[in-house]
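Shown below is the structure under consideration.
The values are calculated or read from the model by the stated rules, or taken from the named source; none is laboratory data. Quantities reported herein were computed from a predicted structural model and do not represent experimental measurements. When we count neighbours, we look across all protein chains shown, and the Cβ atoms used for this are built from the backbone with ideal geometry, even at glycine. Just so you know, the surface numbers come from the protein's heavy atoms only, side chains and all, with ligands and any DNA or RNA stripped out. Shrake-Rupley method; radii C 1.70, N 1.55, O 1.52, S 1.80 Å.
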Amino acid sequence: MTPVTRREVLGLYRKIFRIAKKWQSASGQIEETIREKEYIKNEAKTLFRKNKNVTDPKLIKQCIEECEARIEIGLHYNIPYPRPIHLPPMGLAHKQGRTLRHQEKLRKISKPIYLKSHDEVS
């Protein structure tokens, strides 16, 4: 990891914890605010620890973009949790074969960047 990339990653980590410190839930309830602050901190710790050994520059860039997207979406909607995606169900494909593999590939491609790591952790 280059010094510039390292600085950028550590800056994002600090930014997340600053956001968590100032976070207010949309409802304004104290219990919910505390729960959301803890979620933000735990999610950041889990994802950053999971990716600490990543050395591929393209993958590092992808992780940084995902982090920035999740920060922006969370601040915009005032929701710390990843926003759900609505994809059509895979009920039309056979249980095996090319059609199923093709649909799985399309689902993987159509998944937004801010949800790439969410399913792996949750």
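Hey, which lysines would be in cross-link range of Lys105, C-alpha to C-alpha under 16 Å, not counting anything within fewer than 8 residues on its own chain?
Cross-link targets: Lys95, Lys116.
Let me ask something additional. Using θ = phi - 60° and the Karplus relation 6.51 cos²θ - 1.76 cosθ + 1.60, list the HN-Hα couplings for the range 12-20 in order, rounded to whole Hz, with x at every Gly or Pro.
5, 4, 5, 4, 4, 5, 5, 4, 4
How much accessible surface area, in Å² rounded to 10, belongs to the heavy atoms of Glu72 with a 1.4 Å probe?
Approximately 110 Å² for this residue.
Normalised by the empirical 2.2 N^0.38 Å for globular proteins, what value does the Cα Rg of the range 3-86 take?
Cα-based Rg divided by the globular estimate yields 1.15.
Under 18 Å between alpha carbons: how many lysine pairs meet that in the range 3-86, if sequence neighbours fewer than 8 apart on the same chain are excluded?
Step by step, the pairs that qualify in the range 3-86 add up to 17.
Over the range 3-86, give the accessible area per residue in Å² for a 1.4 Å probe, as an integer.
With the other protein chains kept in place, the range 3-86 gives 71 Å² per residue.
Please name which of Tyr39, Gly74, Thr55 has its Cα lying farthest along the dipole of the range 22-87 towards the positive end, using unit charges on Cβ (Lys, Arg +1; Asp, Glu -1) and the Cα centre as origin.
Final value for the positive-end residue is Thr55.
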